[in-house]
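Notes for the one structure printed next.
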Amino acid sequence: MRKKIIAGNWKMFKTVQETEQLITGLKRELSDYTKVEVVVCPPFVNLPVAADCLVDNTIKLGAQNIFWEQEGAFTGEISGPMLKAVGVDYVIVGHSERRQYFHETNETVNKRVKAALKNGLLPIVCVGENLAEREGGKTFDVVNDHVTGSLAGLTTEEMQKIVVAYEPVWAIGTGKTATSAQAQEVHKFIRETLAKMFGQPVADATRIQYGGSVKPENAAELTAQPDIDGALVGGASLKVESFVGIVKNTKV
Ligand code: 13P
């Protein structure tokens, strides 16, 4: 049985003070709610205060990126050991905004995934096509490329630590959600791809989140699909009410 997982990707929002406020609100509403796994992913500088707020809480902490070297002269980068030392559990890797604005490729995503695993962090690996690719009928090719490239060379044991997030780029921050049928179709395809790479039992155990304009109003229908195991939430994760609404509307 795959436990549903709802993660909030705060992107480049919230100061230290706002982080404390938001997490305090989430704890008030969600501390006793364990039917769904909940993760918050604030910006790097807010991770220590977030970790302090979340001590002994069921809400988990995630980072939004990781560099692949352990340490060294890499100005501006953050390593796995640094994240681990702060108390981070998860790390988002290969988000489309990183692929689009910071030249991430499947190769660099793959290096980051391996760095996360090496440091005992659980990767949330993002894949998904943009609008031109969808309209050009290339969705499955692109998603296949992202999945096989980003997860290349992992052992079946390592794969059991991975969460995959399908985020169609055209649905991110646009208010345009993929229909539950559109999302389910790609999720099923991702699971089939994982089965070819790692075998059916691993594919069946892997959680695949949907991301792209998820809101309290559409969370139930999306997470009721057989291959949708949760959500990676952007905008709606920035307010207590909407994020809690998504968590509580998630079909368990
Ligand atoms: P929105 O929920 O704001 O569309 O963002 C989705 C996303 O990119 C989560 O990583």
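Key figures
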| item | result |
| --- | --- |
| Check on LEU222, more than 30 Å from THR15 (Cβ to Cβ), crowded, with 22+ Cβ neighbours inside 10 Å and among the aliphatic types (A, V, I, L, M) | yes |
| Any hit, the range 22-35, residues being under 30 Å from ARG99 (Cβ atoms), buried (at least 18 other Cβ atoms within 10 Å of the Cβ) and in contact with a Phe, Trp or Tyr (Cβ under 7 Å, 6 or more places away or on another chain) | yes |
| Residue that is nearest to the ligand (Cβ to nearest atom) [pool: residues in the range 213-230 that are under 16 Å from CYS126 (Cβ atoms) and of a type outside the set (Gly, Ala, Ser)] | VAL214 |
| Matching residues in the range 231-252 - criterion: being under 16 Å from the mean Cα position of the chain (by Cα) and either at pLDDT below 95 or within 12 Å of the ligand (Cβ to nearest atom) (or both) | ALA231, LEU232, VAL233, GLY234, GLY235, ALA236, SER237, LEU238, PHE243, ILE246 |
| Filtered residues of the range 143-190 (kept if more than 16 Å from the ligand (Cβ to nearest atom), within 16 Å of ASN110 (Cβ to Cβ) and not aliphatic (A, V, I, L, M)) | ASN144, ASP145, THR148, GLY149, GLY153, THR155, GLU158, LYS161 |
| Unique match (being of a type in the set (S, T, N, Q), closer than 24 Å to VAL164 by Cα, within 19 Å of the chain's Cα centre (by Cα) and exposed (fewer than 14 other Cβ atoms within 10 Å of the Cβ)) among GLN100, GLN70, GLN64 | GLN100 |
| Test result for LEU22, hydrophobic (A, V, I, L, M, F, W, C), part of a helix (DSSP H, G or I), within 24 Å of VAL93 (Cα to Cα) and within 16 Å of the ligand (Cβ to nearest atom) | yes |
| Positions within the range 2-17 being more than 11 Å from the ligand (Cβ to nearest atom), within 15 Å of PHE44 (Cβ to Cβ) and charged (D, E, K, R), in sequence order | LYS14 |
| Positions within the range 198-226 being aromatic (Phe, Trp, Tyr) and part of a helix (DSSP H, G or I), in sequence order | PHE198 |
| Of all residues in the range 191-203 being in contact (Cβ under 8 Å) with a residue 24 or more places away in the chain and more than 18 Å from the chain's Cα centre (by Cα), the one that is farthest from the ligand (Cβ to nearest atom) | GLY199 |
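The values are calculated or read from the model by the stated rules, or taken from the named source; none is laboratory data. For clarity, every value in this text was computed on a predicted model and none was experimentally measured. Every residue, glycine as well, gets a Cβ built from its backbone with ideal geometry; the counts of neighbours run over all protein chains shown.
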